[in-house]
Structure formats: structure tokens, C-alpha cells
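These notes are about the structure you will find just below.
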Amino acid sequence: MDTVTKQGNLQLWITQGINNDAVEWARSFGEDLATQSNGQKPMTTSQLRRFFGEVKRIDADFTTNQHSISMLRPMLAYAAGRDSGTKLTTFQKTIDPVLGIIDKANDNQKKACFKNFVNLFEAIVAYHKFYGGK
């Protein structure tokens, strides 16, 4: 899937819901993050789960923690800058625009968009582990 199509689909999945195409994309992306290619080391499970833990913390009490969504972008950028030799950079370049979509959503849509993001992220984590993420 080319980058333009992927970004358009990501926006659609975040704003309108996850479908089978989203799950297949998550499988492919999780596998990519778990394997070495193009001189980049795989993203480690701890790198992925560190970010995932923060996402789940926000999700656990969305009403109280929704202000933290905007801080996910700099948190991810910092991590990618620190570990530039891994697929964390690929992860950051893919996920940052998604977080931007959630940030720009109006208050009525923000919770639903974030929940779609959480579901997609859970699938990425699962497939990363399945394909040997360490």
C-alpha cells in the first residue's frame, strides 16, 4: 500500500471505524516493525509497549486524561529521536499524522476517534508480538 493510500485509509479508519482492511494493514505494519530491513533494527516490544501503556492510561479514564493526547506526539518524537537506528522512526512517521487527526477532531468525535486508534494500536501490538517482536 503506497503512503498516500495508507494515510487516507488511516484517516478513514480513525474517523469512521476499523474494518478488515485496517486489521490487514495492522498485520503488515506489525510484521514490518518486528523485522530488520533497510538497515534499521526491529522495534522492540518495550519501545512499543512504553507508548502503548500511555495510550491505555488515557483510554482508561478518557474524560480526565484526554488533554494528554496532544502530548503523545512529542513523546513519540523524543523516543524516535533517541533510538533513530530502529523502526521506531517508521512507527513515529506513521502514527504522528494519526494523532494529529485525533487532536483536530471536535469534542464530540474525539472519544470515538481515540477508541478507533486504540483498537488499531492493539492490533499492531498483537501482530508485532506474533511476528517475533522482542
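The values are calculated or read from the model by the stated rules, or taken from the named source; none is laboratory data. Because the structure is predicted, anything quoted here is derived from the model rather than measured. A quick note on method: Cβ atoms are made from the backbone with ideal geometry, for glycine too, and the neighbour counts reach across all protein chains shown. Ligands, DNA and RNA are excluded from the accessible area calculation, which covers all protein heavy atoms including side chains. Shrake-Rupley method; radii C 1.70, N 1.55, O 1.52, S 1.80 Å.
Does L99 satisfy the criteria of being buried (at least 19 other Cβ atoms within 10 Å of the Cβ), under 18 Å from N116 (Cβ atoms) and touching a Leu at 6+ places or on another chain (Cβ under 6 Å)? Judged against the criteria, L99 is a match. When T64 is tested against (1) closer than 22 Å to Q16 by Cα; (2) open to solvent by 60 Å² or more (accessible area, probe 1.4 Å), exactly one condition is not met: (1). Of all residues in the range 67-94, those satisfying the criterion of being surrounded by 15 or more Cβ atoms within 10 Å (Cβ to Cβ) and within 20 Å of K134 (Cβ to Cβ) are A79, A80, D83, T86, K87, L88, T89, T90, F91, Q92.
Return yes or no: is K111 within 13 Å of L10 (Cβ to Cβ), open to solvent by 70 Å² or more (accessible area, probe 1.4 Å) and in a helix (DSSP H, G or I)? In short, no. Tell me, please, whether a residue that is in contact with a Phe, Trp or Tyr (Cβ under 9 Å, 6 or more places away or on another chain), among the basic types (K, R) and under 15 Å from E122 (Cβ atoms) can be found in the range 26-44. There is at least one residue in the range 26-44 that is in contact with a Phe, Trp or Tyr (Cβ under 9 Å, 6 or more places away or on another chain), among the basic types (K, R) and under 15 Å from E122 (Cβ atoms).
Take the residues of the range 48-61 that are of a type in the set (D, E, K, R) and touching a residue at least 60 places away in the same chain (Cβ under 8 Å): which is least open to solvent (accessible area, probe 1.4 Å)? So that I can check it myself, show each step before the final result.
Quick first cut of the range 48-61, residues of a type in the set (D, E, K, R) only: 49-50, 54, 56-57, 59, 61.
Within this subset, residues satisfying the condition of being touching a residue at least 60 places away in the same chain (Cβ under 8 Å) are 49, 56.
Details: R49: 122, K56: 72 Å².
Among those that are of a type in the set (D, E, K, R) and touching a residue at least 60 places away in the same chain (Cβ under 8 Å), it is K56.
Of the residues examined, R73 is not one that is modelled with pLDDT of 95 or more, in a helix (DSSP H, G or I) and farther than 24 Å from L12 by Cβ.
Quick check, is G132 out of contact with any Gly (no Cβ under 8 Å at 6 or more places or on another chain), assigned to a loop (DSSP other than H, G, I, E, B), modelled with pLDDT under 95 and of a type outside the set (F, W, Y)? Answer is yes for this residue. All but one of (1) without any contact (Cβ under 8 Å) to a residue 12 or more places away in the chain; (2) closer than 25 Å to G133 by Cα hold for T64; state the number of the condition that does not hold. It is condition (2) that T64 fails.
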